[in-house]
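Notes follow once the structure below has been shown.
Every read-out reported here was derived from the displayed coordinates using simple, explicitly stated rules and does not represent laboratory data. Since the model is a prediction, treat every value here as computed from it, not as a measurement. As a convention, Cβ positions derive from the backbone with ideal geometry for all residues, glycine included, and neighbour counts pool all protein chains shown.
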Amino acid sequence: METRYTRLLLPVALSFSMGVQAQQVQKCCGTSNSTFLLGNMTYAPHTQSLYSPADLVNEEDGLITELYFRYGNTGQALGNTLGGLLIRLGQTTATSYASATFLTDLDTALYTTEFTIPPGQSGEWFSIPLQVPFQYNANQTLVLDIWFTSSTTLNFGTFSTANNDQKLYALTLDATTGSLSSSGWQDMGFDLDPIAGISEQKVDGLQLVPLPGDQQLRVLRNTDDLGKADLFLLDASGRQLTNHTFTQGTRSITLNLGEMATGIYIVQLVNSNGTVYTSRFHKAN
């Protein structure tokens with residue numbers, strides 16, 4: 001199975017804020033409770049689901065930044081803490097599984113050693129923010145692949161509709177085939193950021209300034225620490241493309257983007273004391 005993993009140096013234990021009605025795109029609304037997504041460890045710690053354009057409302061091209069699911073009617077009062085949560089996304093032209101074979105060539109959007117879903121009310125939405133935005137094409141089917149290694153609330157359910165060969169489940173991450181017998185295919189939503197050219201952005205310790213034509217990007221250190229530091233340019237999967245060095249007292253470095261393909265890229269600044277600053281940008285052309 002081909003999988004692309006991120007190298008993002010981000011906190012390893014995550015939880016989410018209760019922005020429960022923000023999703024722009026969604027598949028809704030079922031009343032069937034299913035633990036085969038974010039709860040069950042006996043049969044379904046690994047699931048993969050397909051959401052075609054016809055299944056979604058308000059779909060359009062953009063960067064998926066946050067996923068949403070709906071509390072079911074089991075375990076919701078307890079919430080759940082998932083260990084080793086891995087979420088991967090991809091796209092395909094298929095609208096259902098012709099066989100019970102897991103799709104591969106997926107991008108890692110989130111990996112954390114621990115993720116906590118707080119208690120909630122049946123039917124309400126809860127969110128899972130992604131570490132790496134996923135570039136979504138509204139004309140293709142979205143592949144949602146979820147894996148976790150532990151679950152504190154094994155009966156934690158999410159609402160779903162009938163599974164018409166659109167969800168597989170298995171016990172292991174490296175399974176090549178799974179079962180289509182799950183009766184539930186979960187309601188799901190996601191937030192989108194529009195795809196555009198590189199825009200200027202500023203985060204703690206790091207500022208990205210596009211130069212005319214979007215073929216060069218100036219990276220500025222907006223921190224008082226101007227000691228020696230390392231700068232890494234990564235692709236969306238976390239693979240290192242280039243590395244550069246800020247010498248003592250240097251505030252900016254210019255990256256040449258002319259030969260880079262359209263897509264999402266990540267800039268990481270690592271100071272000599274180990275502090276890491278991360279920012280992302282989208283190169284449109």
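Here the spin labels are modelled as points 7 Å beyond Cα on the Cα-Cβ line, and at THR245 and THR101 they lie 4.8 nm apart.
Placing dummy labels 7 Å off each Cα toward the beta-carbon, the span from GLN216 to ASN73 is 6.3 nm. Amide H contacts of GLY238 (H built 1.01 Å from N, in plane; Pro and chain starts excluded): ARG7 sit under 5 Å, all sequence-distant by 5 or more or on other chains. In the chain, the DSSP beta bridges split such that about 95 percent are antiparallel, to the nearest 5. If you plug the beta carbon distance of SER181 and THR149 into 1/(1 + (r/R0)^6) with R0 = 30 Å, you get a FRET efficiency near 0.85.
Each label was represented as a point 7 Å from its Cα along the Cα-to-Cβ direction; for THR92 and GLU124 these points are 3.5 nm apart. Residues whose amide H lies under 5 Å from that of SER32, counting only those 5 or more places away or on a different chain, are SER160; hydrogens are built 1.01 Å from N in the peptide plane.
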